[in-house]
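Visitor: My questions all concern the structure below.
Quick note: the coordinates plus some simple rules give every number you see, no bench work behind them. A quick note: this is a predicted structure, and the numbers were derived from the prediction, not measured. Please note: Cβ atoms are built from the backbone with ideal geometry, for glycine as well, and neighbour counts cover all protein chains shown.
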Amino acid sequence: MLGDLQGKMERQQEEMGFYGDQFDPNNIIMGRDNNNNNNNINNNNSNNINNNNSNNIKEDSGSENYESVSVSVGDVPEPEPEGASQIKTKGRRKRYHRHTPQQIQELENFFKNCAHPDEKQRLEIGRRLSLESRQVKFWFQNRRTQMKTQIERHENVALKQEYDKLRVENIAMKDALRNPMCQNCGGQAILGEVSMEQHHLRVENARLKDELTRVCAVSERFLGKPITDLVGPISIPTPNSNSNLDLSMGRGGLMSSTPPLPLGLHLENGVSSNSTMTTEYEKSMFMQAAMAGMDELLGMAQTDSPLWFKGLDDGKEMLDHEEYIKKFSTFIGMKPCGFVTDASRETSSVFISSLELVETMMFPRQWQDMFPCMISKAATVEVLFSGAGGTRDGEIQLMNAEFVFPSPFVPFRHEKILRFCKQHSEGMWAVVDVSVDMIRDPSFSRSNNIKWRRLPSGCIVQDVANGYSLVTWIEHVEYDENCIHQLYRPLLRSGTGFGSQRWLSTLQRERDCAAIFMSARVLPDDTTVGVVTQEGRRSILKLMRRISNNFCSGLCASSACRWEKLQVGGLGADVCVMSRVSIDEPGEPSGVVLSASTSVWIPVPRQHIFDFLRDEKLRGKWDILANGGPMEVIARLAKSHDGNNCVSLLCPPAAPARESNMLILQESWTDRTGSFIVYAPVDSTSMETVLRGGDSDYLALLPSGFAIADAPINPNGLTLAHDSGPGAGTGASALTLGFQILVNSLPTAKLTVESINTVNDLMSCTIQKIRNSLN
């Protein structure tokens, strides 16, 4: 009888979820009650059994080993190994025993690093701690259950505190409504013509709008109903009503006689074009467009998708436009006439976690810093929908961004984008962008106001191991090629200009630099170890990021620095001259600043040009600041293992330069998509402050430098073969040169033609010296 009763109780405990991952301390008391109700036995033996089972099943910190109670439903209990300790009470084996403190400590240490050990890891732990594999398994199950319970208890406490705070605020707001005060005189306010009934109507109207937005967003995706079916019935039957209450979704509070427009069509002269804030109708459109864009991004990221095929020349993945049109609906309209498509996909491993990359993408300042010389300006206009549970999951932002390419021949791209972030599984996130203007009005792209539009583009990141993630980047843009110079059209069509390869290469370069700074390994090319403090290294990198961004903005006339283009007679059509006035701006000298830039085609491989320009021994062949001689390297901060990416502090050789305490701060880097060299004269006293970790934001600098890109086809149509030497790549390059010079320290001074001609002559002379040296 005792054996039958014991088996019955164990089956009831299994159903109540006392075992493994289903273990819940809150079920213990329920288990006791059910045991007593179902087993109404009054003899002493049954009472002892109930007491023993109740005592054996209890909440513990993970240090109890439930040998028989922790068997999962359907498992066959394994026999006890020979030599195992069995503690018996009144002729029956005790149902658990406690681990030693050393075993508990070892298990806790391993739990902190890995809460879900596999079979191999459990065997290894059991071998070291003299435990069976199932003992280790059940310990981790119970420890995870306890951790989950503690987290839920903590969340409940936080929610209760937030609820109490909101309740206090609600009481205060009700008191303020009952006794309104005038902001001007401090007396009791008079509500005027707004009655209590109208106030309730306003509150109800706001609630209905929120409900309508939610229903419209999920209708077509989950219910299969078009959005117009939900918006249409809401109207006011009296168009001449004098009520100022906005009870409809139409313009001016009234619905027109025509039915609402479908998703994606423009509300002419409506709220969407006149209002700076996003309307509820637009929010519903944006949510549906974000979901459709996310589905399209995931579909294009599939490795076995027929959307992509390998190119015959370089093996790059290319988009099959016919398959794309078949698979995805054009919810932002057809491609405008005369536009070309830039679609690319790239996958690589990057030293960054999925959460860190998502936070970077959703925070404009961090996003801009992560991709220097690609984003000149970024800002969040409005957060349309916040993420769930305080995370970024489900967050939708309306953003303004300016994308740049380092050449005056390629105009910058200013876009208003809709950014949607979604977590698809543990450690896997996706971020997608879509052009907002195309959602509001697909026909807008056919006007003269738009030169490009961004189709669903973004990245999918999956955590792998050791701090690395597998990142798949997809870029899909349509643009008007007529505004691009002939020299750069093949480059942009190949996806190297604004494509996924450039995004992923920049991300890898920045994260590799971060990995070098985090490691204790000393690179052979780094001469700052032991000389420059860690704070000084960070200050140098921060300063160089600012110099590089200012240099790129001067090449492409970015609105971030308010450049004004100048039309000067006598200058070539390929020379871009701009000016701006700087008054007490941190990091810049006050006065009139002149920028001159141009791009030229040189039949020399990109790597050869890069090696020549960054060689301090050959500096005197082209740099007027070198006074015809080599420069001395004072310090070099390595940013990559190959030595190509670094920050150098150079000293000119001539005596006048030393007497003026002038140094040259230079950064150089190269990757698969291009090469970059930027430098700026700096005062030695100010530079010493930066090297000691001082603030570099107020160090006034004006940058100059070069940007080099592959260009196998020159503007005249000549195609060069690929180079197979050390500088592997194309046999020709597009070299962009830019100067920024302070022509007058007085902000009110007038810019003279002589100053412009002087800068133009300097640029022409430098290009000619480079050509002669490379020839």
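Visitor: Counting only C-alpha contacts under 8 Å and six or more residues apart, can you give the relative contact order of the range 282-516 as a whole percent?
Guide: 25 percent
Visitor: Sort 408-420, 118-130, 689-701, 452-464 by packing, meaning the average of other beta carbons within 10 Å per residue, with the highest value first. Don't skip to the end; give the middle numbers.
Guide: On the way: 408-420: 21.1, 118-130: 13.6, 689-701: 16.7, 452-464: 23.2.
Descending packing order for the listed peptides: 452-464, 408-420, 689-701, 118-130.
Visitor: Return the FRET efficiency for the residue pair N179, S349: r is the Cβ-Cβ distance, R0 is 60 Å, and the value is rounded to the nearest 0.05.
Guide: 0.45
Visitor: Between the range 366-403 and the range 135-186, what is the separation of their alpha carbon centroids in Å?
Guide: 28 Å
Visitor: Multiply the residue gap between N156 and K565 by 0.36 nm, knock off their C-alpha separation, and tell me the result in nm, one decimal place.
Guide: Going from the current span to full extension adds 141.3 nm.
Visitor: Further question on the same structure: Based on the inverse mean of 1/r over its pairs of different Cα atoms, what is the Kirkwood hydrodynamic radius of the range 579-669, in Å?
Guide: Numbers: mean 1/r = 0.0645 Å⁻¹.
By the Kirkwood definition, the hydrodynamic radius is 15.5 Å.
Visitor: Expressed in nm to one decimal, what extension gain is obtained for the pair E632 and T149 from 0.36 nm per residue of sequence separation less their Cα-Cα distance?
Guide: Going from the current span to full extension adds 167.5 nm.
Visitor: What FRET efficiency do you get for N109 and N466 if R0 is 22 Å and r is their Cβ-Cβ distance, rounded to the nearest 0.05? Working shown, then result.
Guide: Working: r = 19 Å, r/R0 = 0.87.
Here the calculated transfer efficiency is 0.70.
Visitor: How long is the gain from A515 to V340 if the chain were fully straight, where each residue apart is worth 0.36 nm and the alpha carbon distance is subtracted?
Guide: Roughly 59.2 nm would be gained on extension.
Visitor: Of K112/K542; K316/K542; K416/K451; K377/K565, which sit over 25 Å apart, Cα to Cα?
Guide: Pairs exceeding 25 Å: K112/K542; K316/K542.
Visitor: In nanometres, what is the gap between the two model label sites at E124 and K326, each 7 Å from Cα along Cα-to-Cβ?
Guide: Rounded to a tenth, the inter-label distance reads 4.9 nm.
Visitor: Could you work out the relative contact order of the range 520-774, using alpha carbon pairs under 8 angstrom and six or more residues apart, expressed as a whole percent?
Guide: 26 percent
Visitor: Over the Cα atoms of the range 520-774, each weighted equally, I'd like the Debye log10 I(q)/I(0) at q = 0.14, 0.15, 0.17 Å⁻¹, rounded to two decimals.
Guide: Log10 I(q)/I(0), no solvent term: -1.02, -1.17, -1.47.
Visitor: Further question on the same structure: Which of the peptides 496-505, 300-309, 170-179 is most tightly packed, and how do the rest follow, judged by the mean count of other Cβ atoms within 10 Å per residue?
Guide: 496-505, 300-309, 170-179
Visitor: What number, in percent, do you get for the relative contact order of the range 302-357 if the mean sequence gap of Cα pairs under 8 Å and at least 6 apart is divided by its residue count? Please list the in-between numbers first.
Guide: On the way: 27 pairs, mean separation 14.8, N = 56.
Here the relative contact order equals 26 percent.
Visitor: Need the C-alpha centroid separation for the range 750-775 versus the range 676-695, integer Å.
Guide: Measuring centre to centre over Cα atoms gives 26 Å.
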